[in-house]
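Here the structure comes first, spelled out in structure tokens, and everything after it is commentary.
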Amino acid sequence: MKIKFSQSSTDLFFNRSFGDLKKIVDPATAILVTDENIYKKHAAKFKGWNSIVLKPGEEFKVQSTADAVIEQLITMNASRQTMLVGVGGGVVTDITGYVASIFMRGLRFGFVPSSLLAMVDAAIGGKNGIDVGVYKNMVGTFSQPAFIFYDLSLLETLPEPEWSNGFAEIIKHAFIRDAGMFRDLEKNSPEYYRKNNAALVKLVRRNVLLKIGVVKKDEFEKNERRLLNFGHTLGHALENQYELSHGQAISIGMTFAAHVSEKMTGLKDPDRLVSLLSKYGLPTYASFNKKKVYDVLKMDKKKERKDMNFVLLEQIGKGVVKKIPVDKLENMLQNLI
Ligand SMILES: NC(=O)c1ccc[n+]([C@@H]2O[C@H](COP(=O)([O-])OP(=O)(O)OC[C@H]3O[C@@H](n4cnc5c(N)ncnc54)[C@H](O)[C@@H]3O)[C@@H](O)[C@H]2O)c1
């Protein structure tokens, strides 16, 4: 499937096996970027490819890692003809896309997402970035991958907690855009999707197409794409200050946003949303230093002067972006959760 964007296109390869990657990318001119966990678990797959192996984890999604990758690319004699392929979770895909878009002013790049979260979210849409201190994705580029290649068997080695991280973004998609998927998720369970490959394939595909649909309408995040930030304003402010994964942080952020929605748009029954997050193993209410978190939150990229572009729900499956004065947000942070 070919998806056209304003300046380039992305080929989607569903239901593939890793071995087929050689049919679409020439190992002689490609360099794979991955992390140590994936490299160790799937060593045989990397045979015959040039590879750069990063230390795993969000704390390495920083400029110094990008610099180290750039130095390795120079040592490996990379040129403008080199294709970078990020094989990994969202940290690997974000860094690969970022380095590829700045090295020699831009190389072609593609992704083989290996975590559920990267499959349904991080690999899609062309946002590539790194963190700066506690500020998430503060530096980065918009640049679309040439391809995204799906081999769901990679998920066989995905650690247990990473499944709920992926489900957090799937649930977010349901909240903002797909009431039917919300009902399916309510009816089923994480175990059902993990045991039933056909259902998982269908769920991943549905989410890929949902995200692409949103991104295609607003590639550079001026309007509609902002909906994908549901739960992310508080989530990002929490993520690098506490020992939380991305999925856990945005789940707490979505819980807060559901209660803000109840106040501001009259969303009915926010508890139904919170229950779904819990069902998929995600945290919802948490105690944290609200002053410290607010100080980071108010620096969010979605802020315009004194207002925050905050994503709310009018109903399940219908997200909207509303401007909320940041001081009002602070007040709700103190009082709503
Ligand atoms: N660019 C975007 O649009 C976008 C969207 C959403 C999230 N993100 C970013 O994605 C990141 C989170 O992604 P993530 O949850 O995939 O994190 P991650 O890349 O850190 O992966 C999570 C963990 O799972 C391991 N792992 C991944 N796949 C594996 C596999 N198949 N087998 C064994 N271990 C495996 C990794 O080594 C890591 O330890 C965050 O940095 C977030 O900001 C970006």
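Could you count how many residues in the range 109-123 are more than 7 Å from the ligand (Cβ to nearest atom) and touching a helix residue (DSSP H, G or I) at 6+ places or on another chain (Cβ under 7 Å)? Can you show your working first?
Here is the first cut: in the range 109-123, the residues more than 7 Å from the ligand (Cβ to nearest atom) are 109-113, 116, 119-120, 123.
From the residues that got through so far, the ones that are touching a helix residue (DSSP H, G or I) at 6+ places or on another chain (Cβ under 7 Å) too are 109, 111-113, 116, 119-120, 123.
Looking only at that region, the number is 8.
For residues that are hydrophobic (A, V, I, L, M, F, W, C) and open to solvent by 40 Å² or more (accessible area, probe 1.4 Å), tally how many sit in the range 52-61.
2
Could you check the range 194-231 and list, in sequence order, the residues that are in contact (Cβ under 8 Å) with a residue 12 or more places away in the chain, open to solvent by 10 Å² or more (accessible area, probe 1.4 Å) and either aromatic (Phe, Trp, Tyr) or in contact with an Asp or Glu (Cβ under 7 Å, 6 or more places away or on another chain) (or both)? Selection gives Leu210, Lys211, Phe220. For the range 226-247, the set of residues classified as within 10 Å of the ligand (Cβ to nearest atom) and of a type in the set (D, E, K, R) consists of Glu239 only. The residue pairs whose first member lies in the range 262-274 and is under 20 Å from Ala286 (Cα atoms), whose second member is among the acidic types (Asp, Glu) and part of a helix (DSSP H, G or I), and whose beta carbons are closer than 6 Å, counting only pairs six or more residues apart or on different chains, are Pro270/Glu262.
Taking first residues from the range 98-121 that are open to solvent by 20 Å² or more (accessible area, probe 1.4 Å) and partners that are more than 10 Å from the ligand (Cβ to nearest atom) and small (Gly, Ala, Ser), the Cβ contacts under 8 Å between residues at least 6 apart in sequence or on separate chains come to Ser101/Ser143; Ile102/Ala66; Met104/Ala78; Met104/Ser79; Gly106/Ala100; Gly106/Ser143; Arg108/Ala100; Arg108/Ala146. On the given criteria, is Phe256 within 14 Å of the ligand (Cβ to nearest atom), at pLDDT 95 or above and of a type in the set (Phe, Trp, Tyr)? It is false that Phe256 is within 14 Å of the ligand (Cβ to nearest atom), at pLDDT 95 or above and of a type in the set (Phe, Trp, Tyr).
Report whether or not Leu277 is open to solvent by less than 30 Å² (accessible area, probe 1.4 Å), closer than 25 Å to Ile124 by Cβ and not basic (Lys, Arg). Reasoning before the result, please.
Values: open to solvent by less than 30 Å² (accessible area, probe 1.4 Å): yes; closer than 25 Å to Ile124 by Cβ: yes; not basic (Lys, Arg): yes.
Against the criterion (open to solvent by less than 30 Å² (accessible area, probe 1.4 Å), closer than 25 Å to Ile124 by Cβ and not basic (Lys, Arg)), Leu277 qualifies.
For the range 291-324, taking the residues that are closer than 18 Å to Tyr135 by Cβ and of a type in the set (Lys, Arg), the one that is farthest from the chain's Cα centre (by Cα) is identified as Lys291.
For (1) under 13 Å from Phe175 (Cβ atoms); (2) within 16 Å of the ligand (Cβ to nearest atom); (3) part of a strand (DSSP E or B), each residue gets a yes or a no:
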| site | (1), (2), (3) |
| --- | --- |
| Ala249 | no, yes, no |
| Val274 | yes, no, no |
| Tyr285 | no, no, no |
| Lys291 | no, no, no |
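In the range 127-137, which residue that is surrounded by fewer than 20 Cβ atoms within 10 Å (Cβ to Cβ) and more than 6 Å from the ligand (Cβ to nearest atom) is nearest to Val53 (Cα to Cα)? Filtering the range 127-137 for residues that are surrounded by fewer than 20 Cβ atoms within 10 Å (Cβ to Cβ) and more than 6 Å from the ligand (Cβ to nearest atom), the one nearest to Val53 (Cα to Cα) comes out as Gly129. Among the residues making up the range 85-108, those that are out of contact with any strand residue (DSSP E or B) (no Cβ under 6 Å at 6 or more places or on another chain) and more than 6 Å from the ligand (Cβ to nearest atom) are Ile95, Val99, Ile102, Phe103, Met104, Arg105, Gly106.
Mind listing whichever residues of the range 6-39 are over 18 Å from Met83 (Cβ atoms) and surrounded by 17 or more Cβ atoms within 10 Å (Cβ to Cβ)?
Taking the range 6-39 as the starting set, the residues that turn out to be over 18 Å from Met83 (Cβ atoms) are 6, 14-15, 17, 35-39.
Once the filter is applied, which keeps residues that are over 18 Å from Met83 (Cβ atoms) and surrounded by 17 or more Cβ atoms within 10 Å (Cβ to Cβ), the range 6-39 yields Asp35, Asn37, Ile38, Tyr39.
Here is the figure for the range 144-178: residues that are in a loop (DSSP other than H, G, I, E, B), more than 10 Å from the ligand (Cβ to nearest atom), over 16 Å from the mean Cα position of the chain (by Cα) and closer than 29 Å to Ser101 by Cα total 1. Residues of the range 40-51 that are more than 9 Å from the ligand (Cβ to nearest atom) and open to solvent by 50 Å² or more (accessible area, probe 1.4 Å): Ala44, Lys45, Lys47, Gly48, Asn50.
The values are calculated or read from the model by the stated rules, or taken from the named source; none is laboratory data. Not measured: the values here are computed from a predicted model. Counting neighbours? That spans all protein chains shown, and the Cβs are built from the backbone with ideal geometry, glycine included. Ligands, DNA and RNA are excluded from the accessible area calculation, which covers all protein heavy atoms including side chains. Shrake-Rupley method; radii C 1.70, N 1.55, O 1.52, S 1.80 Å.
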